[in-house]
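What follows is a short report on a single structure.
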Amino acid sequence: MNLKRFGVPAVIAVTAAIALSSCAANEGGAAPSESASSLSGNLVGAGASSQDAAQQAWIAGFQTANPDVTIDYDPSGSGAGRETFLEGASDFAGSDRAFDDEEIAAGGFAKCAADTDIVELPLYISPIAVIFNVEGVDTLNLDAATIAGIFAGSITKWNDPAIVALNPDATLPDLAITPVHRSDDSGTTENFTDYLGAAAPDVWTYEADGVWPFEGGEAAQGTSGVVDAVTNGTGTIGYADASRAGDLGTVAVQVGDEFVEFSPEAAAAIVDASPEAEGRSEGDIAIEIDRTSEEAGVYPIVLVSYLIGCQDYDDDENVELVKSYFSYMASPEGQDVAAEAAGSAPISDALREQVTAAIDSIQ
């Protein structure tokens, strides 16, 4: 399923539906109804801008059901969000990557009780679309080596034999390819380059990084900049959150013997098919995406963004708020709200069960 238009906001309608829910946060994870809510207080979060649209929808739904609660989320970026959480200036963080082993070993999480663990919950899963603008071509099948060659600059024409061989029925012009990448430090870039390096290591010889590793092609600021550059160019190709693909051409990526288009289901499937990082505490659900998986129906170019909190807060004042808000985001209702507002992929029931256990451990 090609979901070029699956990111249309529908926050108001979904929020109204959520307000009718009567399930408590600890019963299935849904936000309690307005009449049943006894929660109050202010919750502060900061971090990944990729989550911003989802966070605004989550906040609207949760505050509607809990009118005495105020939640503030600053989409300052993943790195800034992790630093803010470390310093104790926020109750939770949003991050496009989990804390690494060295950061966790260093500790210093100011909001957390001494010698306690953190919880990291993969609650925002977004497929990254490879988007292009070639007149008369709506979709292309590409393998990892060809995608890597295009972005590395070794494949420079749309009628290159490597592209033609994978798309024998397409009419491909003798036209220069202009690859477009992010100019800013981006979790999308880090995940995209991680895919290229893992799936096509002989072609893409750079380390995964949020900063584009070399000069060349066209650089654009943010997701909007990349989409605009691809849309307004000729023969352009880029990468962006799938919710922003619009009417641009999109790539089906080779996985095993099939070509898989992006979809919420395929994005969630690669998360379930991937291992967790070793050596983590029980509530630290850090996923190591298997970019080379050959499982049927998985889409390997995804961004997994985390909600991060303390397993044991030094101050108990906001513990119930954190648990209730995390439970709402993880609930089927919360995941559907994010999908409607931001085009994200709802987590699977299996992952939700694991996330719920992690949330229950917060104290």
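Helix 319-330 sits at what angle to the longest principal axis of the chain, using alpha carbons and giving 0 to 90 degrees rounded to 10?
Compared with the principal axis, the helix lies near 30 degrees.
Check GLY88: other-chain or 5+ apart residues with amide H under 5 Å from its amide H, H built from backbone geometry?
Placed amide hydrogens put ALA110, LYS111 under 5 Å from GLY88.
Once semi-axes √(5λ) of the Cα gyration tensor in Å is worked out from the coordinates, which option in (i) 37, 21, 17; (ii) 32, 25, 20; (iii) 27, 27, 19 does it equal?
Of the labelled values, this structure produces (i).
For the stretch 127-265, take every pair of Cα atoms, bin their distances at 5 Å starting from 0, and report each bin as a whole percent.
2, 11, 21, 27, 23, 13, 3, 0
Would you kindly derive the ³J(HN,Hα) couplings of the stretch 134-143 from the backbone phi angles with the Karplus curve 6.51 cos²θ - 1.76 cosθ + 1.60 (θ = phi - 60°), listing them in order in whole Hz, with x for Gly and Pro?
10, 4, x, 10, 9, 9, 9, 9, 9, 8
Give the relative contact order (percent, whole number) for the chain; include only Cα pairs under 8 Å separated by 6+ residues. Please list the in-between numbers first.
Details: 843 pairs, mean separation 100.3, N = 363.
Taking the mean separation of contacting Cα pairs over the length of the chain, I get 28 percent.
What is the set of long-range amide H partners of ALA252 at a cut-off below 5 Å, with H atoms built 1.01 Å from backbone N?
LEU140, ASN141, LEU142
Dipole size in debye (nearest 20) for the chain around its Cα centre, Lys and Arg Cβ +1, Asp and Glu Cβ -1? Intermediate results must be reported in sequence, preceding the final value.
Working: 12 positive and 60 negative charges, 237 e Å.
The calculation lands at about 1140 debye.
Please tell me the relative contact order of the stretch 127-265 in percent, rounded to the nearest whole number, where contacts are Cα pairs under 8 Å and at least six residues apart.
Numbers: 266 pairs, mean separation 55.6, N = 139.
So the answer I get is 40 percent.
Between beta-carbons, use under 11 Å as the cut-off and find the net charge around ILE118, counting Lys and Arg +1, Asp and Glu -1.
Values: positive: ARG82, LYS111, ARG280; negative: GLU103, ASP117, GLU120, ASP284, ASP312.
Spelling it out: positives minus negatives among the neighbours equals -2.
Around GLN311, which amide H atoms from residues at least 5 apart in sequence, or from another chain, sit under 5 Å from its own amide H, with H modelled in the peptide plane?
So GLN311 has HN proximity to ASP117, ILE118, VAL119.
Sort 199-211, 135-147, 301-313 for me by packing, meaning the mean count of neighbouring Cβ atoms within 10 Å per residue, highest on top. Could you put the intermediate results ahead of the total?
Details: 199-211: 15.8, 135-147: 18.2, 301-313: 24.9.
Ranking the peptides 199-211, 135-147, 301-313 by packing returns 301-313, 135-147, 199-211.
Where a number appears in this text, it was derived from the coordinates with a stated rule and is not lab data. Predicted, not measured: the structure shown is a model, and the values here were computed from it. Ideal geometry is used to build each Cβ from the backbone, glycine not excepted, and the neighbour counts take in all protein chains shown.
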